[in-house]
1. Suppose we keep only residues that are in contact with a strand residue (DSSP E or B) (Cβ under 7 Å, 6 or more places away or on another chain) and outside any loop (DSSP other than H, G, I, E, B) within the stretch B:175-194. Which one would you say is nearest to residue B:222 (Cα to Cα)?
2. Show the residue pairs that are 6+ apart or on different chains and have beta-carbon atoms under 6 Å apart, the first residue being within the stretch B:459-474 and without any contact (Cβ under 8 Å) to a residue 40 or more places away in the chain, the second being among the charged types (D, E, K, R).
3. Could you please let me know if residue B:290 is over 20 Å from the mean Cα position of the chain (by Cα), within 24 Å of residue B:366 (Cβ to Cβ), away from every other protein chain (no Cβ under 14 Å) and not polar (S, T, N, Q)?
4. Filter the stretch B:145-169 for residues that are charged (D, E, K, R) and either away from chain A (no Cβ under 14 Å) or not in a loop (DSSP other than H, G, I, E, B) (or both); which is nearest to residue A:27 (Cα to Cα)?
5. Just to be sure, is residue B:604 over 16 Å from residue B:684 (Cα atoms), in the same structural domain as residue B:523 (by TED's automatic domain parsing), in contact (Cβ under 8 Å) with a residue 24 or more places away in the chain and buried (at least 20 other Cβ atoms within 10 Å of the Cβ)?
6. If you scan the stretch B:11-58, which residues turn out to be β-branched (Val, Ile, Thr) and over 15 Å from residue B:80 (Cβ atoms)?
7. Go through the stretch A:33-53 and give me each residue that's over 20 Å from residue B:393 (Cβ atoms), in a loop (DSSP other than H, G, I, E, B) and more than 9 Å from chain B (Cβ to nearest Cβ).
8. Within the stretch B:558-574, which residues are out of contact with any helix residue (DSSP H, G or I) (no Cβ under 8 Å at 6 or more places or on another chain) and within 18 Å of residue B:685 (Cα to Cα)?
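The values are calculated or read from the model by the stated rules, or taken from the named source; none is laboratory data. Fair warning: this is a prediction, and the values are worked out from it, not measured in the lab. Glycine gets a Cβ as well: all are built from the backbone with ideal geometry, and neighbour counts include every protein chain shown.
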Amino acid sequence: MAKSKLTVNGTAQEVDCDPATPLLYVLRNTLNLKGAKFGCGLEQCGACAVLIDGEPVLSCVRAVSEFDGQNITTVEGLSENGEPNAVQRAFIAESAAQCGYCTSGLVVATTALLKRNPQPSREDINEALADHLCRCGSHVRVLKAIDRLAAAGGSHDR
Amino acid sequence: MTASLEKQPNLDQWLAITGDGRVVVRSGKVDIGQRISTALAAIAAEELDVSLDRIAMATVETGVSPDEGVTSGSNSMQDSGQAIRLAGATARRYLINKAAAQLDVEPASLEIADGLIRSRDTNRSVNYWELQGDQPFEVPIDPEATVKAPGDYEEVGNPQTARGLADLVTGQPIFVHDMNPPGMLHARVIRPPHYHARLHALDESACERIETSGVRVVRDGSHLAVAGADEYAVVKAAERLAAAADWDMRGGLPTADIFDAMKTNERVSLPVADGIPRREPVPDLPDPPADVATTLTARYEKPYHMHGSLGPSAALAQTDGDKIHIWTHSQGIYVLREALAGGLGMAEEDLHIVHVPGAGCYGHNGADDVAVDAALVARALPGTPILLKWTREDEHAWEPYSTCMAMAVQASLDAEGNVVAWSQESYGDTFMMRPRNSPPGEGARRLLPLRYIENGAEDPVPQPAMRYHVGIHRNLDPLYKFPNPRLVKNLVRGLPLRTSALRTLGGFANVYAIECFLDELAEAAGIDPVEFRLRHLDDDRAKACVQALADSLFKDSKPDNRGRGIGFAQYTNSKAYSAVGVELEVSDDAAIKLHRAVVSVDAGQVVDPDGLIMQSEGGFIQAASWALHEEVKFDRDGVTSRDWDSYPILRFDNIPEIETILIDRPGDPYLGAGEAVSGPAGAAIANAVYDTTGLRLRRMPFTPEALRAAAMS
């Protein structure tokens, strides 16, 4: 057991666990943040994506000890005062989810993409979402949600 | 009357009015991302004249919800939708009559707005919640109840937001994987290397070390599991236990080429007429009529496909005395209860099964089996809630797949280009292995974990499904007017992998074969593929669907280097009609790039247009993924497609623009639409590849290697 210091969704946390524990398990079980999902445990599907200092990172393999002292934002932390943020609202407006299991990861990846690049080309989008799988076939709607946000001229807030 | 209503004829089984201003709607159909709860809520709100936000869709659970079998076969709108529609209409009339008596006015003088019943004559009013709050109706549903006229619809057919969408995009804990009751232990199961292996020996000292570390080892025969409070410790313990297990491999999986095996293995062959197999001898394939102009033959093939749910299956189970409670994403809680009660020798009443969302799958994935795994561990640790999750490898290697199939077709054309003879034989393993317990004993055979416990069940022996358009013979019967088609289903024995229901069952493969072969015939006849289809159809809705697709797909001339192809089917010849067009390009490295898809759908009265469009888009994308990429691979030692690298699927970089044309039929019956698009989509892709390359792709997947091989031959 060892202590790791993390800042998660703006709150400083000290977690005491096996330092080899993948970050995802700490978020879901220790901190009870169920937004990031276990999809493969192999960094192949994107369901577990979170933001580390604003950059998307897959959380299912890398140990919590690697993230000591870092700023972590999960999909829960993107909401503002309990209300969906611009990316989340765009996903709702375009019905960009069916079963929704991949959705947290896609919302996180989209948020990071648009912060970096408010008007991404299709190639930029493909690259940003290359690690993200969706089995229900909601891709078209995710792309529309991103188009909607890009058309809003990067006025989204994150 | 639908089976759902026959089984649950009473209004209280479907609807309740609460004292706090809500309408609770009970359906036996579960939401797996197909938005059925959104559509059912709209129907209930419409018939009852209440606002949508008053509708509470009840959790689906045994003992409370109507038993509507399995959420499958695109039946939910036709079964549950129609039942809830009639329940709403019956309740509305009941409430009007009750209000009329209470207000002492004529029922005809009453009008309803959001549950407020008001008399136009006296202006007196009473609302549903005062009138009926928390009281049973105690009346049967009237199958002849007058339903609302489509012209009066306020909710049905209008744009709706999917229920629960805000929870999904904000990461709320709605999945069974997210459950966390007090005292819960996480659990994992340790599977053998392949189906036939059984535990030979277990290193007991390794088990002791695991137990000493605080993780429980639960063993029943060859069924191994670990459970503990710390999930990561359980994951590590599962790895250690797997390393401590010595398996008797018992020969391994058959390694003969599956497409050869479908030609040579023992099989049950039955002729099919009007969509139904007959217990009769298979007629020989006759020689073509003497005066035909052309006779063509072809054999189309598809490999095994997996559901590939994005989240591995999971379930929570807890015993309570003699009872077991199970929370599961199974698509059939009542059939799971029947099978598991049979398998464990329990009374059905002692199993309480609650549906909780899981990752979408569109078929029979690991959901039912993991529920049994969880129940076995819960039984060994009485009273403790057990959340058992499969790993990615478990899901990929152990879910029941969609069978490989082969379709041998032959047809003859007369001099005018009319099909005058048609034969199709379809081959494959079963699609019909969902849980059930008939005949007795079948429950244990159909639930995977019960084959591995001490004195476990034998593997099930599939019997040919005999109902209309199921299994291998789903959409075997072409909708086209071909004289006396010769149709045969062949249930092949001895194929290597475990199979069951996946979206469309045999429909995907059969429509792929029919619709590609039609293009081959059209070319032989020198007739445009659209015209060739239209001349062989006599159903006006089918023709309108094909025409709507063609009008859009071919509106503009295609860019250079691109190919276009179409496909059409009416799902099970009785559900939604769909025509699909594809425009694609084949790159220099033989990869297929999808540029554009057009889908036309006639699903009768449209309830939730955006939901219907999403089902169509999702059906297209899943089919494109099957066609371009997917193939379950295996060797003697087991399945080798154990992750997303070894079983690739379609990604964001190959998603085309998709235009969906809805052909609304106000007032017509709902036609199930969740599986209508996939078959035509697979065929349209193959036909478009031919259009641009001249290569007929008769075996999936259409990988660059397959295209290069086709070009060489």
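1. B:190
2. B:460/B:445; B:460/B:446
3. No.
4. Ranking the qualifying residues of the stretch B:145-169, first place goes to B:167.
5. The answer is yes for residue B:604.
6. Result: B:17, B:18, B:23, B:50.
7. Selection gives A:53 alone.
8. If the condition is that a residue be out of contact with any helix residue (DSSP H, G or I) (no Cβ under 8 Å at 6 or more places or on another chain) and within 18 Å of residue B:685 (Cα to Cα), then B:558, B:559, B:560 are the ones that fit.
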